[in-house]
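The numbers here are math on the coordinates, done by the rules we state, and not lab data. No experiment lies behind these values; they were computed from the predicted model shown. No Cβ is skipped: glycine too gets one built from the backbone with ideal geometry, and neighbour counts run over all protein chains shown.
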Amino acid sequence: MREHDALEHNPQVSRKALEALHSQLFGWALSRCGFDHATAEDLMQQAYVEVLSGRARFDNKSTLKTFVFGVVQNLARSRFRRLAVHMRLIKTYANAPVDEVTNDGHEDHHEQRRIWQAVESLPRRQRDITELVFCRDMTIEEASAVMGVSLGSGRVHYDRAKKALARVLAGLQTKETLT
């Protein structure tokens, strides 16, 4: 069955379905490239070219969301291999220390920043699965497929990430109580 807005070279994909995923997909692209907007935009354009041209072909073996997130993930990995030096610089500057937030109603921002610092301290796969599940609204199964790991490995990474975050955040809470 071919929808009226189906892609010519990828008939299982509709333009509306891609549009509905755009903001989540852009967030994922940002996280794949050190939160550099220009690089994320390039990555998104490259992903859309792959899907629109049919070079990345959706075959209904997973959800469209999982498929497109996987396309972005694979393109980001390829880009990282080609631009390793450039990406190291981006990561260095993306994680630069942020000035302390003043106490003028931005307590939530301060708390969010501390949580994300804890997430950033996790090993890469634990960090990735945490972001996919909590920020990109994926199941562990979908996140595992995007990451290219088995469901069992995904569950292990997720469990370890939760335990590590609980330890780190409990330690931060204890430090605050003492000060």
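What ranking do 8-20, 56-68 get when scored by the average of other Cβ atoms within 10 Å per residue, highest first?
On the way: 8-20: 15.2, 56-68: 16.8.
Taking the mean over residues of other Cβ atoms within 10 Å, the ranking is 56-68, 8-20.
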| remark: Given a Förster distance of 22 Å, the FRET efficiency implied by the Cβ-Cβ spacing of Leu52 and Cys135, rounded to the nearest 0.05, works out to 0.25
| message | Going by average Cβ density within 10 Å per residue, which order do the peptides 72-81, 140-149 take, highest to lowest? | response | 140-149, 72-81
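If we count other beta carbons within 10 Å of each Cβ, what is the order of Phe35, Phe69, fewest first?
Values: Phe35 16, Phe69 27.
Placing the least packed residue first, the sequence is Phe35, Phe69.
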